[in-house]
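Student: The following block contains the structure, expressed as structure tokens.
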Amino acid sequence: MIAYALIFAYGCFGMALLFCLYRVVFAPGLSDRVLALDTMSINVIALLTLFGIDKGTTMYFEASLLFAMVGFISTVAYAKFVLRGDIIE
């Protein structure tokens, strides 16, 4: 039963990534693109976690934690750049 749930979850998060990619390309404003990129990083974290559950190893959980930290820092830096025009004060 868990195999069917994983396949369904892979499909859902894969479609979510495609929808976010569409939003990154065709967004009306810059803030919408930043939000779509942040959502894409969350979906990639979910896919990495699902892959770790599927393979039964903890290596992918550690990779998802690292990806979460990098995604958060990049979102904050990009938002600061959009608001102020400079990242380092």
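Student: For ILE53 and VAL24 in the same chain, what is the full-extension length gain: residue separation times 0.36 nm, less their Cα-Cα distance, in nm?
Tutor: Here the segment from ILE53 to VAL24 would lengthen by 7.6 nm.
Student: On to the next question. Quick one: what does P(r) look like for region 5-89 with 5 Å bins over all Cα pairs, in whole %?
Tutor: Taking every Cα pair in region 5-89, the percentages come to 3, 15, 20, 20, 18, 12, 7, 4, 2, 0.
Student: When the helices in the chain are scored as -39500 (n - 2.57) per DSSP H run of 4 or longer and the sum is shared across all residues, what 222 nm value do you end up with, to the nearest 500 deg cm²/dmol?
Tutor: -30500 deg cm²/dmol
Student: Can you tell me the 0 to 90 degree angle between the C-alpha axis of helix 2-25 and the longest principal axis of the chain, rounded to 10?
Tutor: Taking the Cα atoms of the chain, the angle to 2-25 is about 20 degrees.
Student: Be a star and scan region 29-69 for residues whose amide nitrogen sits under 17 Å from the point 7 Å along the Cα-to-Cβ vector of ILE2.
Tutor: Only 47-62 fall inside the zone, counting backbone N under 17 Å.
Student: Another question, then. From Cα pairs below 8 angstrom and at least 6 apart in sequence, can you work out the relative contact order of region 25-75, rounded to a whole percent?
Tutor: 38 percent
Student: Follow-up. Output ³J(HN,Hα) for region 36-43: one whole-Hz value per residue in order, computed from phi by the Karplus curve 6.51 cos²θ - 1.76 cosθ + 1.60 with θ = phi - 60°, and x for Gly and Pro.
Tutor: Running phi through 6.51 cos²θ - 1.76 cosθ + 1.60 with θ = phi - 60° gives 5, 5, 5, 5, 5, 5, 5, 5 Hz.
Computed from the coordinates by the stated procedures, all read-outs in this text should not be read as laboratory data. Source: prediction; values computed, not measured. As a convention, Cβ positions derive from the backbone with ideal geometry for all residues, glycine included, and neighbour counts pool all protein chains shown.
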